[in-house]
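The values are calculated or read from the model by the stated rules, or taken from the named source; none is laboratory data. For clarity, every value in this text was computed on a predicted model and none was experimentally measured. Glycine gets a Cβ as well: all are built from the backbone with ideal geometry, and neighbour counts include every protein chain shown.
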Amino acid sequence: MSLGGGLDEAVPFALPLARRFRGTGLREGVLLRVGDTWGEWAPFPEYDDATGARWLAGALEAARGDWPAGYRDSVEINAIVPALDPETVTRLVTDAVATDGCTVVKVKVAERGQTFDDDVARVAAVRAALDDCGAPAPTGRIRVDVNGGWLVDDAIERLAVLDDIAEGLEYAEQPCATLEEMASLREQTHVRLAVDEGVRLAAAGETDARLAERVRAAGDVLVLKAVPLGGVRRSLAIADAVGLPVTVSGALDSTVGLAAGLALAAALPDPPYACGFGTGRLLAADLTGETALPRDGRLSVVRHVPDPSRLAAARARLDDDRAQWWLDRLARCLEVLGAQS
Ligand SMILES: [Mg+2]
């Protein structure tokens, strides 16, 4: 069967997570090969085909090995703290500082089914753990990711509380759902705001200039995810149009998939904020023999190839129906992309 898109191989895979994240214990996707380079296509299962097609543009760019040259050979990495209880959080942060050398911690808040008290306890635990590990503020920095979970009035109050506990939040990522709400919030808080979902959700059908204007009104920092935005080159164009400082983040990638984000972080003219590629600790298995983890708080800009036996094991975790579901989805998204070009 011809795969289309110039692909030589497409291998559905599943990686077990060490901890549940985004409500799942398994990270699924398809590894794409063109010649001897690989790209990772893993749009979350609930996303529609239009979104999947944008991720596919990014994954195909990766599989074709078509990335611009970089300015740096390593990038600073932040640790990630999911919406977990304070004891677990303390352990995660202690590991991140002691083992990985990461002193910037991104904390998930506003998790469905939890309360703001849970967020307060979690941020306090992170602050205490950073202090105990010899990373007081401002070396040990905390940013929160709200994933659009708050209304403007709540966000004003809650950011003030968390900013106090964190001893100065580095920034708050997507505190409200829309760019308009964030622009309003921005006039009523001194905490810096970062736009994440606001860019991806608006990315279709809007000119870069118009989007850039709305993003600049809504935030102080721009979060870019290479593959979800349609690739490294597309992300660089958005960064250039918006003109705000950038954080590059991954999408719970395998060590193979991380390469796209690393290529983007390396290719930005100005060094980005600490990047969200610290998700290797969330995986219980990988597509490579060794998971890329930060050393002294940094990751090298390296392209890893899958280990054949790990890839085979990851393929075997999916039953044939599920693997076919991924291949059918791939075929549909290739068609969407083909219709656009
Ligand atoms: Mg985010």
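Identify, please: which residue in segment 155-195 is among the aliphatic types (A, V, I, L, M) and part of a loop (DSSP other than H, G, I, E, B) and is, among those, nearest to V109 (Cα to Cα)? Break it down stepwise before answering.
Narrowing segment 155-195 to residues among the aliphatic types (A, V, I, L, M): 155-156, 159-162, 165-166, 169, 172, 177, 179, 182-183, 185, 191, 193-195.
Now narrow it down to the ones that are part of a loop (DSSP other than H, G, I, E, B): 177, 191.
Numbers: A177: 14, V191: 16 Å.
Top of the filtered list is A177.
Of the residues that make up segment 46-58, is at least one part of a strand (DSSP E or B) and either under 17 Å from the mean Cα position of the chain (by Cα) or among the β-branched types (V, I, T) (or both)?
Of the residues in segment 46-58, the ones part of a strand (DSSP E or B) are none.
The answer is no; no qualifying residue exists.
Suppose the filter is away from the ligand (no atom under 16 Å from the Cβ), modelled with pLDDT of 95 or more and not small (G, A, S); does L283 pass it?
Values: away from the ligand (no atom under 16 Å from the Cβ): yes; modelled with pLDDT of 95 or more: no; not small (G, A, S): yes.
Answer is no for this residue.
What about V223, is it β-branched (V, I, T), more than 14 Å from the ligand (Cβ to nearest atom), surrounded by 22 or more Cβ atoms within 10 Å (Cβ to Cβ) and in contact (Cβ under 8 Å) with a residue 12 or more places away in the chain? If you could, list the steps in order and put the result at the bottom.
On the way: β-branched (V, I, T): yes; more than 14 Å from the ligand (Cβ to nearest atom): no; surrounded by 22 or more Cβ atoms within 10 Å (Cβ to Cβ): yes; in contact (Cβ under 8 Å) with a residue 12 or more places away in the chain: yes.
Here the answer is no, as V223 does not meet what is asked.
Tell me yes or no: at least one residue of segment 175-187 is of a type in the set (S, T, Y) and within 16 Å of the ligand (Cβ to nearest atom).
Of all residues in segment 175-187, those of a type in the set (S, T, Y) come to 178, 184.
Okay, now just the ones that are also within 16 Å of the ligand (Cβ to nearest atom), so 178.
Yes, there is a match, as at least one residue in segment 175-187 is of a type in the set (S, T, Y) and within 16 Å of the ligand (Cβ to nearest atom).
Here are some residues: A53, A79, A59, A63. Which one is assigned by TED's automatic domain parsing to the domain that holds G250 and among the hydrophobic types (A, V, I, L, M, F, W, C)?
On the way: A53 fails: assigned by TED's automatic domain parsing to the domain that holds G250; A59 fails: assigned by TED's automatic domain parsing to the domain that holds G250; A63 fails: assigned by TED's automatic domain parsing to the domain that holds G250.
Just one listed residue meets the conditions, A79.
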